[in-house]
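Everything below concerns the one structure shown next.
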Amino acid sequence: MPEINIFTQSSSPDVIIAQVSASDSELKSWAQKQTRFPSRDIASLSNHRQLEHLAVDKAMLELNAPWSTAQITHDENGKPALLAIDKFISISHHAQGTLCSVIICLGNHAVGCDIERPRAQLHAISKRFLSQQEQNHFTTTPLLCCAWGIKESMFKTIGHGIDFRIDLIVNAIPSSVENPFEATGSIKGEPTQWRIWKVQFHNAKDKDADDLYAIAGPV
């Protein structure tokens, strides 16, 4: 049976962060019967993509809310929406092997979320998504990871046609031992605030697994 480990749940906006694990046979069985994603042929997807969808389904069921069983559709750009529920939703996941970490954010207004692994490649591409001032601020891999995740979350609230370096601004991210912590920024000049979690899941099969950063907002 697929297993789920809840890292956190919070409100304003509603957020759940979880890790889901499943075997190939469990994925196949779920994909053939699932009703969460009525417009997608989940059974035809790779195991990796099936696991991502299963993680969303299981995490949604953990929410004690009227939308826990709501069906999810996607527009032509892949943006998710709840069927017959007047709520905005944003989803992000990070899958490795039989494990998938997922964050789901729901709100009464447009919301965005992201979950990211700190990786060295962010240094090579930082000029593509950070202004020169931001590049001067965010020089470590964890800070780059948080800045990228915040901008991805911002982008998800307003859609396409955005210049990450000009339209989306992240202010200095605080050095904090608290978890979660918050950072501020702006979307086309409008101030916003974002909550960040350092996600530490326990994985007995991979004790060297990287920490992840999960971002959601605006808060």
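Selection of first residues in region 30-52 that are crowded, with 16+ Cβ neighbours inside 10 Å and of second residues that are of a type in the set (F, W, Y), restricted to Cβ pairs under 9 Å at least 6 apart or on distinct chains, gives the following pairs, ordered by first then second residue: I42/W30; Q50/W30.
For region 64-78, filtering for residues that are at pLDDT 95 or above and either surrounded by fewer than 18 Cβ atoms within 10 Å (Cβ to Cβ) or part of a loop (DSSP other than H, G, I, E, B) (or both) leaves 6.
As a summary of the residue check, L61 satisfies the conditions (1) touching a Pro at 6+ places or on another chain (Cβ under 9 Å); (2) surrounded by fewer than 14 Cβ atoms within 10 Å (Cβ to Cβ) except for the one numbered (1).
Restricting R119, R128 to those that are touching a Cys at 6+ places or on another chain (Cβ under 9 Å) and surrounded by fewer than 21 Cβ atoms within 10 Å (Cβ to Cβ) reduces the list to R119.
The selection criterion, being assigned to a helix (DSSP H, G or I) and either over 25 Å from W194 (Cα atoms) or in contact with an Asp or Glu (Cβ under 6 Å, 6 or more places away or on another chain) (or both), does not hold for A84. Suppose the filter is assigned to a helix (DSSP H, G or I), of a type outside the set (V, I, T) and crowded, with 20+ Cβ neighbours inside 10 Å; does K151 pass it? In short, yes.
The values are calculated or read from the model by the stated rules, or taken from the named source; none is laboratory data. These figures come from a predicted structure and were not determined experimentally. Note: ideal-geometry Cβ built from the backbone for every residue, glycine included; neighbour counts use all protein chains shown.
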